[in-house]
Amino acid sequence: MQNNMSNNNQNDNNNKNFFNDNPLLSFAIFAIIAILLFKTFIGDSGSTGDVAGAFGGTTQTKSVKYSDVKSAIKSGKVQSVKITPSTIEATSVEGNQKTKLIAQLVPTGDKELVPLLEEKNVVYEGVMGGGIISDLIGMLLPILIFFAIWMFLAKKMTKGMGGGILGVGKADKLINAEKPDTKFSDVAGVEEAKDEVKEIVDFLKFPERYIELGAKIPKGLLLVGPPGTGKTLLAKAVAGEASVPFFSVSGSSFIEMFVGVGASRVRDLFEQAKKDAPSIIFIDEIDAIGKSRASGAQFGGNDEREQTLNQLLAEMDGFGSNTPVIVLAATNRPEILDAALLRAGRFDRQVLVDKPDYEGRLAILKVHSKDVKMSNNVDMTVIAKATAGLAGADLANIINEGALLAGRNNKKQIDQSDLMEAIERAFVGLEKKNRKINDIEKKIVSYHESGHALLAELTKGASRVTKVSIIPRGLGALGYTLHLPEEENRFLKQKHELLAELDVLLAGRGAEDVFLGEISTGASNDLQRATDIIKAMISVYGMSDVAGLMVLEKSTGNSFLGGGQTTKDYSDKMAEKIDDTVKMMLDSHYASVKETLNTYKDAIEEMTRVLLETEVIEGAKVREIISEFEIKNGMPTRLAHT
Ligand code: ADP
Ligand code: MG
Ligand code: ZN
């Protein structure tokens, strides 16, 4: 499954750029260009217009037809003639005025020419080399000029990337490795992500332990999250904690380069990292090269990107799991990545680096306060509350902006007021109107997520709620309800579990409907997934009456993140029946979900109230709210997880 990519790349292994290793050669080429340019300009200087001649008069040069030259000779004005293999140049002098007539010789040759020159007593000579050399220059010059421009541009470009693939120098200077002193304590508010990368640090510190055991360590790890949440910081912290070299490149820098350069840069990168192993390779903005090939095809594809991507895949497959090199990549658009990148042995692990919640923001603010002089009157909890929806980078910015404001006011320490003003500045651009809409949105999202949470807790077979949040989390979701399955690593699902999932999905929309009397676009993803579940039950799992045990869809390939394909194999009549069944099941489950929501109205109201106040509810609190409601109303408990 994973080695089908590795053969595509042999052919571009050979065009490794020779300038890397040949500084002398590139210098020589420049010298030749310079000489040729010089020669051309000097040699041609008399070819047009009037030029002061050595004899004190002026020379006029004209490009004329062969017949004009001949008639000039016939008229007797011409004193001397120069003949090259392709041109004829006739010179006549009248007083101070010297005239040169230049014409192309006729290809058929002219037998009368020499007798005519003899007859008119013209001094004539043949010039052998000149013609050929100027012809050659004429041919080579455009090529050489192009070459010079190409080298110039390539130099400029690689300079911007820190190091240079075309630059003069040895490979070890091309890719900048650093040994960051960033530590995990510098990264705050993303505890889950930190936990996930911690085992890598141990592997990089003591690779022998793992290798001797024959343990397979992940090669690639994808950090996914909105901009400014600390993906780069976290990657650096892994290198810092393990104190290994950190090779970092940006995906977009590959795409700006010339064909073949991106691939060879990837090769150099891995070569270098393996030489310095244990080490970390960090590829920022990997979506720039890792875009799904299917989606990038509309403009005939991008050869450079594809070559670079193929090279990256080949390199990742190329080193064994006992080479202590870990490739970390970051993206805020995981959904557009090529499925090939996510296969086993490549970036088969994803770590969510999300926008921080209240506690997280507080922790981040504390980290960044360490480096500045903060007054005792500063209450960070107020700052953390006021910055909902902001990422770590924004928070770092607010502290810095606060310091700048304090400095401007000639203060010795940063006051609360400075920070509040900094927050306001951070939100500038968000008009009041926008905030109003945000308040409405918050309410919709709170009801929606409470609905999911309630059904998840009441439905047997559903995964229990870990956390409900209404913090907008960059990746498209306005809020989310985090579920964890009861047992880890389950591969089989029973029918009642699929139906439970269906109910939980429908409850988001249901809650909007029941409590707000109006529905929003926020449920589209839920509805898509709900529909998919029913369709799969019918056509893949043989769990319906319409199709019985007949499997109607075959899936081919790896369908992680939608990379695979399915083939449908059934009649139009069956298709119609399936559609009817899907609709019917959605309707009936939606109705029963709404009934439950109505029954637990006050519990939902309470969850929504807490959510609007604190943005996040832990699963335990959700269960507490539900059970209090049931006790108060003398109902038997319907909590499915205890
Ligand atoms: P990303 O790579 O996700 O876009 P960065 O790692 O480049 O974000 O973050 C930019 C800066 O913002 C960091 O250098 C750091 O100062 C600050 N920052 C971002 N996230 C965090 C965090 N979780 N903890 C502490 N600082 C953070
Ligand atoms: Mg970054
Ligand atoms: Zn939802």
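Computed on protein heavy atoms with a 1.4 Å probe, the accessible areas place Tyr210, Tyr570, Tyr447 in the order Tyr570, Tyr210, Tyr447, largest first. What FRET efficiency would be calculated for the residue pair Ser67, Glu118, taking the C-beta separation as r and a Förster radius of 25 Å, to the nearest 0.05? Once rounded, the FRET efficiency stands at 0.80. The residues of the range 172-352 expose, per residue, 39 Å² of accessible area to a 1.4 Å probe.
A Förster radius of 25 Å combined with the Cβ-Cβ distance from Arg529 to Ala393 puts the calculated FRET efficiency at roughly 0.20. The portion of the accessible surface of the range 566-642 made up by carbon and sulfur, rounded to a whole percent, is 51 (1.4 Å probe; DNA, RNA and ligands excluded).
Per-residue extension of 0.36 nm, minus the Cα-Cα distance of Lys568 and Val540, leaves a gain of 9.1 nm for this segment. Remark: for residue pairs Lys194/Lys493; Lys179/Lys355; Lys205/Lys231, the C-alpha separation exceeds 25 Å in Lys194/Lys493; Lys179/Lys355. Taking chymotrypsin sites (Phe, Trp or Tyr not before Pro) across the range 212-290, the ones in a DSSP loop with at most 15 further Cβ atoms lying within 10 angstrom of their Cβ are Phe258. Spin-label point model (7 Å from Cα, Cβ direction): what's the Lys183 to Asn409 distance in nm? The two pseudo-label positions are separated by 3.3 nm.
In summary, the aspartates and glutamates within cross-link reach of Lys111, defined as a Cα separation below 20 angstrom excluding same-chain residues under 8 places away, comprise Asp68, Glu89, Glu119, Glu125. Can you give the FRET efficiency to the nearest 0.05 for Glu192 and Arg333, using r as the Cβ-Cβ distance and R₀ = 22 Å? Calculated value: 0.60. Asn438 versus Asp110, label points 7 Å from Cα toward the beta carbon: distance in nm? Taking the two extended label points, one gets 8.6 nm. When the label point is put 7 Å from the Cα of Asn400 along its Cα-to-beta-carbon vector, which residues of the range 182-199 have a backbone N closer than 15 Å? Backbone N within reach: none found. In this simple spin-label approximation, Lys275 and Ile519 carry label points 7 Å from Cα along the Cα→Cβ vector, and these lie 6.1 nm apart. Between Arg609 and Asp379, full extension at 0.36 nm per residue minus the direct alpha carbon distance yields a gain of 80.3 nm. Out of the trypsin sites (Lys or Arg not before Pro) in the range 181-213, which ones are loop residues according to DSSP with at most 15 other C-beta atoms within 10 Å? Sparse-neighbourhood loop trypsin sites (Lys or Arg not before Pro): Lys183.
The values are calculated or read from the model by the stated rules, or taken from the named source; none is laboratory data. Just so it is clear, the structure is predicted and the values come from calculations on it, not from any experiment. Positions of Cβ are backbone-derived with ideal geometry, glycine not excepted, and every protein chain shown enters the neighbour counts. The area values use the complete protein model at the heavy-atom level, side chains included, leaving out ligands, DNA and RNA. Shrake-Rupley method; radii C 1.70, N 1.55, O 1.52, S 1.80 Å.
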